[in-house]
Amino acid sequence: MDLSVSVGTLSLRNPVIAASGTFGYGVEFAELVDLNRLGGLVVKGLSREPMEGAPPPRLCETAGGMLNAVGLQNIGVRAFVAEKLPALRRLLREDAQGFTTAVVANVFGYRVEDYVEVIRVLEDAEGLAAYELNISCPNTNRGGLEYGTDPAATAEVVAAARRAATRRPLWVKLSPNVTDIACIARAAEEAGADALTVANTWVGMAVDVESRRSRLGRLTGGLSGPAIKPLTLRLVYQVVRVVRVPVLGVGGIQKPEDVIEYILVGAHAVQVGTAHFLDPRASVRLVKGLENLCLRKNINRIRDLRGEFSPEKC
Ligand SMILES: Cc1cc2nc3c(=O)[nH]c(=O)nc-3n(C[C@H](O)[C@H](O)[C@H](O)COP(=O)(O)O)c2cc1C
């Protein structure tokens, strides 16, 4: 059985990638899981300077999911390159089939110049497989969503990042908080994205009925987890029909069947986020679960399932 997939020029041993912000910088999970079992991992969003993030509380549980307002707390791109990336490289090794877990750097900025500067620093580093441009974070006052909700702004930041990213593929992570995701997806593709990650969290709120205040340190947060899977699955289906570049599906994945659903509607690979908060080993367990499911169902090559969903059978 063959779980390998490709995302453009990048070959992955399997389609399971740990999603940004839910798997630290990867190194923190090495005591719990063998990172060499994953297709890839996306590190926490990196900014030009370290960011303190949003005030607590930063997480709250909701029915079938979770709201977060972490606000992109991170150590800054230079500390990541100096401290985390070398440690990560020591933990990863090429397997017998020639695959190495792909390390993807999630890139964030307040302004276009910030995104460019983060990529410029990463360009000099070794051990990365791709960049993922976060133009969809709902938890900052500036940057992020400002770019991801407007096609012209998307095109501007993606084109600038594209010029800076000479060494590696550029993935662009889209926001679900838009009226017409197809339009933003096309803008990102035309501006040079090599792949699209669909999607970030859905903006939501939760109110504490005693204090009558937000249950988060901010007014709103990003909803993730199983509650969003049907919503994001539909976005993936919409996006794959209007772009030629590969699409990574991310939203609410917990079970092997969820991965298959995303692949059937056209995703090349998937990312797993909130499931790590229930079980830090979730993505590695998912790989094992996928192997078992493929064995049971006589699926020899998981990539053959991509786009096999039939809308006419609805
Ligand atoms: C606590 C938390 C932090 C996150 N931080 C980031 C981030 O830094 N950059 C980013 O692009 N997405 C971030 N995300 C979004 C996830 O990568 C993912 O797109 C989203 O949670 C949906 O997937 P899920 O339902 O499997 O969690 C974060 C999500 C959570 C729950």
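At-a-glance table
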read-out: Estimated FRET transfer efficiency when R0 is 30 angstrom, pair L264-N36 (beta carbons, to 0.05); value: 0.65
read-out: Under 29 Å, Cα to Cα: Lys pairs in the chain, sequence gap 8 or more or different chains; value: 19
read-out: Antiparallel DSSP beta bridges within segment 5-313, as percent of all bridges there, nearest 5; value: 35
read-out: Sparse-neighbour loop sites [GluC sites (Glu not before Pro); segment 230-314; at most 16 other C-beta within 10 Å; DSSP]; value: E308
read-out: The chain shape via C-alpha gyration tensor axes, a/c threshold 1.5; value: rounded
read-out: Residues S4 and R93, FRET efficiency given R0 of 22 Å [Cβ-Cβ distance, rounded to 0.05]; value: 0.85
read-out: Dipole in debye (nearest 20) - the chain, about Cα centre, beta carbon charges: Lys, Arg +1; Asp, Glu -1; value: 320
read-out: Charge-dipole axis of the chain as Lys and Arg at +1 and Asp and Glu at -1 on Cβ define it, positive-most pick from A165, V265, V209; value: V265
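Coordinate-derived values only; no laboratory data. These numbers were taken from a predicted model, which means no experiment stands behind them. Note that we place each Cβ from the backbone using ideal geometry, even for glycine, and neighbour counts take in every protein chain shown.
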